Amino acid sequence: MSVTTTTPRNWKRDVKVALSAFAFGATMFGAAYAAVPLYDLFCRVTGFGGTTMRAERPADRVIDHPIDVRFDSNIGAGLPWRFQVDTARQSIKAGETHTMTYTVTNRSNEAVTGMATYNVAPNETGRYFNKLQCFCFTEQTLAPGETREFTVVYFVDPAIADDPNANTANTITLSYTFYRQAQPKPVAQTTSPATTQRTN
């Protein structure tokens, strides 16, 4: 008659394995969560994928390097706005500062918040397309039926003429797409304390 022996379970080892698995899962979740902002930061720093740059001051020189800038305006699904650019194109020189105006209308009967994404084509020109001011830097909220003008102030870095991968681009297309954002929370109304009158 054989006797079956049971090996005592190593609880310390099981807990260690469980903690290791949890730590690995948390790390993967954190990496996935951080991937989008890190990729966005990478694009903004390098101009990768046609992402434009943000500048603090105008270019320090203007050179005789002509470029046609074309402007494209789009609306994402579910956003009841009309989004139009005033002029379809501008002819500029590298280093010149220019302004373009867009007209946006909220066609719905409620306040709507949107935010614009942007890129330029060809992709190689993204690192040279600089914005000094842009409506795309922040969310925009339009009241019901409201029409507003938005502007972008930009220049193309003269260094584009020295880049063999970008200096042959005679036309640059700046493309915007507005997407609907979560509605802003209504501002809480403050009421003054009720005043009581004492009657004699």
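Data table
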quantity: Segment Asp163-Asp60, length gained on full extension (0.36 nm per residue, minus Cα span); calculated: 35.3 nm
quantity: FRET efficiency, 1/(1 + (r/R0)^6) with R0 22 Å, evaluated for Glu96 and Thr171 via beta carbons; calculated: 0.85
quantity: Qualifying trypsin sites (Lys or Arg not before Pro) for the range 47-111 [loop in DSSP, other Cβ within 10 Å: at most 11]; calculated: Arg61
quantity: Candidate residues Asp64, Asp86, Asp163: accessible-area rank, largest first, probe 1.4 Å; calculated: Asp64, Asp86, Asp163
quantity: Under the Karplus curve 6.51 cos²θ - 1.76 cosθ + 1.60, θ = phi - 60°, whole-Hz ³J(HN,Hα) for the range 152-168, x wherever Gly or Pro sits; calculated: 10, 10, 9, 7, 9, 4, x, 5, 4, 5, 9, 9, x, 7, 10, 6, 8
quantity: Relative contact order (%) - criterion: Cα under 8 Å, at least six apart; region: the range 61-135; calculated: 28
quantity: Heavy-atom accessible area ranking, 1.4 Å probe, most first, across Glu149, Glu96, Glu56, Glu124; calculated: Glu56, Glu149, Glu124, Glu96
quantity: Distance in nm between pseudo-label sites at Thr87 and Asn109 (7 Å out along the Cβ direction from Cα); calculated: 3.9
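The values are calculated or read from the model by the stated rules, or taken from the named source; none is laboratory data. Note that the structure is a prediction, hence the values are computed from the model and not measured. All Cβ positions, glycine included, derive from the backbone under ideal geometry; neighbour counts span all protein chains shown. Surface accessibility is based on the protein's heavy atoms, side chains included, excluding ligands, DNA and RNA. Shrake-Rupley method; radii C 1.70, N 1.55, O 1.52, S 1.80 Å.
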